[in-house]
Every structure is written in structure tokens, then in C-alpha cells.
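Undergrad: Structure provided below as C-alpha cells; questions to follow.
The values are calculated or read from the model by the stated rules, or taken from the named source; none is laboratory data. These figures come from a predicted structure and were not determined experimentally. Backbone-built Cβ (ideal geometry, glycine too); neighbour counts: all protein chains shown.
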Amino acid sequence: MLKQTPLNARHREAHAKLVDFSGWEMPIHYGSQIEEHHVVRREAGMFDVSHMLPVDLKGEGARAFLRRLVANDVDKLQHTGRALYTCMLHEGGGVVDDLIVYFMTESWFRLVVNAGCVDKDLAWMEEQRRRYAPELEIKPRRDLAMIAVQGPKAAERLWQALPGSRSLTERMKPFYAVLVGEMFVARTGYTGEDGFEIMLPAKAAPFFWQALLEAGVKPCGLGARDTLRLEAGMNLYGQDMDEATTPLESGLAWTVDLTGERDFIGKDALLRLPRERQLVGLVLLDRGVLRAHQKVFTPAGEGEITSGSFSPTLDASIAFARVPVGVAVGDEVEVEIRDKRLRARVVKYPFVRNGKVLV
Amino acid sequence: MSIPADLKYTQSHEWVRLEADGTVSVGITHHAQELLGDMVFVENPTVGRRLAAGQECAVVESVKAASDVYAPVAGEVVAVNEAVESAPERINQDAYAAWMFRLRPDNAADLNGLMDAAGYQAQVESEAH
């Protein structure tokens with residue numbers, strides 16, 4: 001039996017194609033994935049991401065605990081509402097999950113974790129809590145729904161749907177969050193466009209979804225979310241990194257803070273392990289579609305595609321590939337697709353940001 | 001969308017139309033394109049290639065996934081639809097107009113072994129349960 005979000009009935013009314021996504025019945029598209037992709041790049045779309053889990057960390061010393069738990073340094077969070085993208089590692093340096101940490105008060109940080117990792121994340125965090133900070137409380141917030149409103153017109157349409165949010169969010173920069181009544185409104189997302197991720201009580205979610213719909217925000221499925229995040233150069237847990245790979249070989253070195261004396265779980269391993277692989281972007285030069293697990297041949301050795309698809313914005317196929325260090329931007333490599341070798345160019349991602357092609 | 005009565009169908013979701021010159025046009029069904037979603041790539045067999053019945057001979061890829069297309073009957077490829085190769089979304093727009101390739105069947109009687117519209121309808125319904 002698949003789990004359903006508070007918006008399931010709305011998706012059915014809209015004739016969404018529903019699929020099993022990490023045990024949740026989620027909309028993959030509402031008709032055309034490519035149209036939904038373009039709506040987010042050009043106007044505003046919304047995604048039901050209620051399968052993701054907000055987890056509140058409560059109590060004195062929450063900051064010190066997080067400085068140990070995650071690879072980025074939460075001391076970068078000094079202003080109320082500030083958010084940080086980071087990975088949570090195990091001792092061997094592999095990635096348990098990637099998450100966003102929001103700083104609200106010294107005794108309240110909110111973490112948002114991936115749906116497919118919820119059970120192991122909670123078990124891992126609980127184990128570390130008992131070991132390092134038994135006085136803290138970890139509260140999973142399954143009582144909350146989560147809606148992402150994304151696109152160049154996201155702000156305008158959010159204010160239309162929720163006029164009271166305007167004064168509080170108008171001057172809010174990316175990677176900040178604010179409480180608007182019962183709603184937790186964050187200027188974050190997974191598309192490379194401006195927009196908000198809004199956490200709100202499950203019961204209120206269908207009404208808020210309807211208000212956004214009336215303000216002209218188009219429902220978009222997780223299919224478009226995947227091509228949007230790929231174009232935006234954003235990693236997907238389980239594909240681009242997992243427990244067998246470190247953030248350093250997954251294009252996530254920028255999320256790891258190795259400076260200073262701070263000790264975090266996995267730090268020793270990251271300092272010790274040789275760095276032999278890197279994540280690069282690929283644009284296919286021949287006709288075809290790059291997909292995860294296709295082999296990549298380079299002068300420096302073999303690699304593998306971790307995420308690949310058709311890019312609606314570029315009208316070409318793009319991918320992330322894990323390849324040996326030594327492969328450089330501008331190199332031409334070969335990708336094996338159904339026994340044929342096709343040519344691809346190595347590029348620096350993101351491929352697209354704020355509607356503009358960058359490669 | 002109703003399943004055209006004048007076509008033949010395979011279990012692997014190809015449709016087959018017998019043309020006046022004795023060749024057959026092959027495409028994928030409306031139901032198949034609905035399962036796959038937005039089409040972005042079509043690879044056809046080369047003209048002149050000889051195919052056995054049921055042989056993998058073409059590929060359609062949507063944003064979501066790649067899917068093989070099989071020869072409905074044995075024969076030789078006599079034409080491919082370049083318009084569909086350069087605009088795969090034509091399959092989404094009208095699957096039964098967007099033929100992919102044409103075959104000259106080795107044996108015209110082989111078409112009798114394919115499903116009619118009612119048979120294909122029954123298969124689609126049974127797959128839905």
C-alpha cells in the first residue's frame with residue numbers, strides 16, 4: 001500500500017499520472033513533463049514534495065551537535081532563518097543523505113531530508129544524538145505538508161495567493177526562511193529558478209494548493225523536477241552520491257568544510273582517502289539520450305553516468321558522470337549506448353540557471 | 001482514445017498498417033506513448049535491413065525511459081520516417097499517424113497472426129489490472 005500525501009485527491013482531480021516514488025504515490029506528470037519543465041523555467045510551477053520529511057532538532061546545544069553531524073559548518077548560519085545545504089556522512093566518508101539545515105533559534109534547527117532515506121536518517125541521527133547530545137530532541141514532522149513554488153514568477157504568484165506573506169518575504173534572499181503564521185516559507189528549491197519551499201500543516205495544504213492554482217501556478221510532477229534539477233546542476237541522492245561515494249567525488253566539495261579544528265563525522269576519512277574520481281557534466285554531441293549507468297570512455301580511463309536525461313531547455317541530452325580526475329572541461333569523451341559509442345563534451349555544470357543556458 | 005479498427009497490433013504495443021503497395025507501416029500505439037510520456041528520440045532500422053519477426057529493430061526514448069520496438073513480421077525495411085526522427089513528439093500528438101518504418105513482409109499471410117483492435121483492446125485492459 002503506497003503512502004499518500006495530503007494533496008493526493010488534488011492530483012487525482014487533475015488527472016496526474018501517479019507512480020511509486022520511494023513508497024509514496026506521487027505525480028510524475030499531469031500530461032506533459034516537458035511542458036511542465038518549461039512552465040517552471042518561464043513562469044511558475046508547483047510541486048507536491050510532501051514525501052520529504054522536515055525534522056526539527058530542539059534543545060540547547062543543537063548547533064554543537066550539528067557541527068559534528070553534518071559535513072558543512074552550521075556556524076555559517078548566524079542569522080535567523082538562514083539555510084545551508086550539506087551532506088551527512090558516515091565514518092567512512094560515504095553520504096548517508098543530503099539535506100538542508102535551517103537555523104531558527106539556538107534551540108531550534110529544522111532539517112529536511114529525502115523521502116527514500118527517512119528511516120535510516122532518523123536511526124542514524126538518533127544514534128548520534130544518544131552518543132553526543134542525549135539532551136536534544138529529534139522530532140520528525142509528518143504532520144507537515146510541503147509545496148515547492150518555483151519559477152521567475154513564483155514570488156509574484158505566491159503573494160497573490162497569500163497576500164500576508166509579501167511583507168515578510170519580499171526582501172528575503174535565497175537560502176533564508178521565515179515563519180508566516182503556521183507556514184514555514186523558505187526561499188529554496190531544486191530547479192535553478194527563484195522560488196519557495198513552503199511547509200505547512202497537512203490539513204491546510206489542499207486549500208493553499210487551490211489558492212496557488214487560482215493565482216496561475218501550474219501543477220508540475222516529479223518528472224519535470226528531475227530534469228530541472230539536472231539542468232540546474234543539483235545532485236540526486238541515490239544516483240549521484242550514496243553511501244559508497246564521498247561528497248568530494250560527487251561534485252559536492254563546496255558543501256564540505258574541512259577548514260579549522262571542527263571534527264565532524266566522516267572528516268578523517270575525507271582527509272585520508274585518495275581522490276581519484278570527480279563528477280563532471282556531459283552534453284551529448286550525437287543523437288541519443290544519456291542515462292544513468294551508461295559507460296563513459298575517456299583518455300584517463302573509464303567512468304559512468306550517474307544521472308542523464310533529455311534537457312528540454314538545451315534541446316539536447318545532458319548528464320552528470322563520475323570519471324577519473326584528469327578529465328577536463330572541454331574534453332571529448334565517448335558514451336556507450338546500446339553497443340554504440342557516441343561522442344559527448346565535458347562541461348562545467350550547472351547547465352541552466354535562472355532560465356539561461358550556461359554551457 | 002479508441003483503437004483504430006483498420007490496423008493490426010502486437011503484444012509489444014506496435015501497430016501495423018497494410019498499405020496499398022503490399023508494404024506495412026509500423027508505429028507504436030497511443031497506449032504505448034501514454035505509458036512512456038514525452039518522446040525525445042527515435043532510432044529506426046536502416047533501409048534494406050532484413051528483420052525476423054519479433055526482432056528488436058528500433059528504439060523510442062521518452063524523457064523518462066528507452067523502449068525497444070520489435071518487427072511485427074519478418075521482412076525487409078523499405079522506408080523510414082525521417083519526420084518522426086526529427087520530431088519524436090509527433091508520436092505523442094498522433095501515434096497512429098506517426099509511422100516509424102515500413103517493411104515489405106516476406107509473407108503477407110503473417111499479418112493474420114497479429115491481433116485485431118478488439119484483441120489489443122482486451123490486452124490493454126488486462127494489463128491495467
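Undergrad: Any idea which of A:Q278, A:Q294, A:Q239 is of a type outside the set (A, V, I, L, M, F, W, C) and closer than 30 Å to A:T5 by Cβ?
TA: Criteria check complete, one pass: A:Q239.
Undergrad: Follow-up. Given the residues A:E193, A:E197, A:E243, which is the only one that is touching a Ser or Thr at 6+ places or on another chain (Cβ under 6 Å) and outside any helix (DSSP H, G or I)?
TA: Step by step, each of A:E193, A:E197, A:E243 is checked, and only A:E197 is touching a Ser or Thr at 6+ places or on another chain (Cβ under 6 Å) and outside any helix (DSSP H, G or I).
Undergrad: Another question, then. Those residues that are assigned to a loop (DSSP other than H, G, I, E, B) and either touching a strand residue (DSSP E or B) at 6+ places or on another chain (Cβ under 7 Å) or of a type in the set (S, T, N, Q) (or both), I need them from the stretch A:339-359; list them, please.
TA: Selection gives A:K348, A:Y349, A:F351, A:N354, A:L358, A:V359.
Undergrad: Read through the list (1) at pLDDT 95 or above; (2) outside the structural domain of A:A205 (by TED's automatic domain parsing); (3) not small (G, A, S), then give the number of the only condition that A:M1 fails.
TA: Evaluating A:M1 over (1) at pLDDT 95 or above; (2) outside the structural domain of A:A205 (by TED's automatic domain parsing); (3) not small (G, A, S) leaves (1) as the failure.
Undergrad: Same structure, new question: Step by step: first the residues of the stretch B:92-124, then only those that are hydrophobic (A, V, I, L, M, F, W, C) and part of a strand (DSSP E or B), then the one that is farthest from the chain's Cα centre (by Cα). Which residue is that?
TA: Checked the stretch B:92-124; the qualifying residue farthest from the chain's Cα centre (by Cα) is B:M115.
Undergrad: What number of residues within the stretch A:31-78 are surrounded by fewer than 21 Cβ atoms within 10 Å (Cβ to Cβ) and within 14 Å of chain B (Cβ to nearest Cβ)?
TA: 4
Undergrad: Looking at (1) in contact with a His (Cβ under 9 Å, 6 or more places away or on another chain); (2) outside any loop (DSSP other than H, G, I, E, B); (3) surrounded by fewer than 20 Cβ atoms within 10 Å (Cβ to Cβ), can you tell me which one A:W254 breaks?
TA: (1)
Undergrad: Please go through the stretch A:276-313 and give me each residue that is over 19 Å from A:G251 (Cα atoms), part of a loop (DSSP other than H, G, I, E, B), within 13 Å of chain B (Cβ to nearest Cβ) and over 21 Å from the mean Cα position of the chain (by Cα), ordered by number.
TA: Those that are over 19 Å from A:G251 (Cα atoms), part of a loop (DSSP other than H, G, I, E, B), within 13 Å of chain B (Cβ to nearest Cβ) and over 21 Å from the mean Cα position of the chain (by Cα): A:D286, A:R287, A:G288, A:V289.
Undergrad: Please determine, by comparing only the residues of the stretch B:7-37 that are assigned to a loop (DSSP other than H, G, I, E, B) and of a type in the set (D, E), which one is surrounded by the fewest Cβ atoms within 10 Å (Cβ to Cβ). Even if it seems obvious, please write down each step before you answer.
TA: From the stretch B:7-37, those assigned to a loop (DSSP other than H, G, I, E, B) are B:7, B:10-13, B:19-23, B:29, B:37; that's our starting set.
Within this subset, residues satisfying the condition of being of a type in the set (D, E) are B:19, B:21.
Working: B:E19: 11, B:D21: 9.
Only one residue fits best here, namely B:D21.
One line per residue, one yes/no per condition, for (1) more than 14 Å from every other protein chain (Cβ to nearest Cβ); (2) exposed (fewer than 14 other Cβ atoms within 10 Å of the Cβ):
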site: B:A65; (1), (2): no, yes
site: B:Y70; (1), (2): yes, no
site: B:S86; (1), (2): no, yes
site: B:D94; (1), (2): yes, yes
site: B:N107; (1), (2): yes, yes
site: B:L114; (1), (2): yes, no
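Undergrad: Going through A:V178, A:V149 one at a time, which residue ends up being outside any helix (DSSP H, G or I), surrounded by 20 or more Cβ atoms within 10 Å (Cβ to Cβ) and in the same structural domain as A:L212 (by TED's automatic domain parsing)?
TA: Values: A:V178 fails: surrounded by 20 or more Cβ atoms within 10 Å (Cβ to Cβ).
Every option except A:V149 fails the conditions.
Undergrad: Can you give me the number of residues within the stretch A:312-327 that are of a type in the set (G, A, S), more than 26 Å from A:H37 (Cα to Cα) and touching a strand residue (DSSP E or B) at 6+ places or on another chain (Cβ under 7 Å)?
TA: Final tally of qualifying residues: 0.
Undergrad: Picking from A:R41, A:R82, A:R63, which residue would you name as being over 19 Å from the mean Cα position of the chain (by Cα) and basic (K, R)?
TA: Numbers: A:R41 fails: over 19 Å from the mean Cα position of the chain (by Cα); A:R82 fails: over 19 Å from the mean Cα position of the chain (by Cα).
After ruling out the rest, the residue left standing is A:R63.
Undergrad: Let me ask something else about it. Of the residues A:M172, A:M199, which is crowded, with 19+ Cβ neighbours inside 10 Å, in the same structural domain as A:E43 (by TED's automatic domain parsing), touching a residue at least 24 places away in the same chain (Cβ under 8 Å) and farther than 20 Å from A:E36 by Cβ?
TA: Step by step, each of A:M172, A:M199 is checked, and only A:M199 is crowded, with 19+ Cβ neighbours inside 10 Å, in the same structural domain as A:E43 (by TED's automatic domain parsing), touching a residue at least 24 places away in the same chain (Cβ under 8 Å) and farther than 20 Å from A:E36 by Cβ.
Undergrad: Let me ask something else about it. Which ones in the stretch A:314-334 are assigned to a strand (DSSP E or B) and within 14 Å of chain B (Cβ to nearest Cβ)?
TA: Scanning the stretch A:314-334 gives A:A316, A:S317, A:I318, A:A319.
Undergrad: So, one more: Run down B:V84, B:V77, B:V40 and say which single residue is among the β-branched types (V, I, T), part of a strand (DSSP E or B) and within 14 Å of the chain's Cα centre (by Cα).
TA: None of the others qualify; the one that does is B:V77.
Undergrad: Got a number for residues in the stretch A:335-350 being surrounded by fewer than 18 Cβ atoms within 10 Å (Cβ to Cβ) and either under 16 Å from A:E249 (Cβ atoms) or within 14 Å of chain B (Cβ to nearest Cβ) (or both)?
TA: Residues meeting the conditions: 4.
Undergrad: Need at least 2 residues that are within 30 Å of A:D263 (Cβ to Cβ) and among the basic types (K, R) per element, so show me which strands (runs of 3 or more DSSP E) inside the stretch A:1-79 make the cut, counting only ones lying wholly within it.
TA: Passing ranges: none, list empty.
Undergrad: For B:E127, indicate whether it is over 12 Å from the mean Cα position of the chain (by Cα), more than 26 Å from A:D315 (Cα to Cα) and at pLDDT below 95.
TA: yes
Undergrad: For B:E34, only one of the following conditions fails: (1) within 14 Å of another protein chain (Cβ to nearest Cβ); (2) at pLDDT 95 or above. What is its number?
TA: (2)
Undergrad: Further question on the same structure: Can you name every residue in the stretch A:1-59 that is β-branched (V, I, T) and under 14 Å from A:D226 (Cβ atoms)?
TA: Residues of the stretch A:1-59 β-branched (V, I, T): A:5, A:19, A:28, A:34, A:39-40, A:49, A:55.
If the condition is that a residue be β-branched (V, I, T) and under 14 Å from A:D226 (Cβ atoms), then A:V19, A:I28, A:I34, A:V40, A:V49 are the ones that fit.
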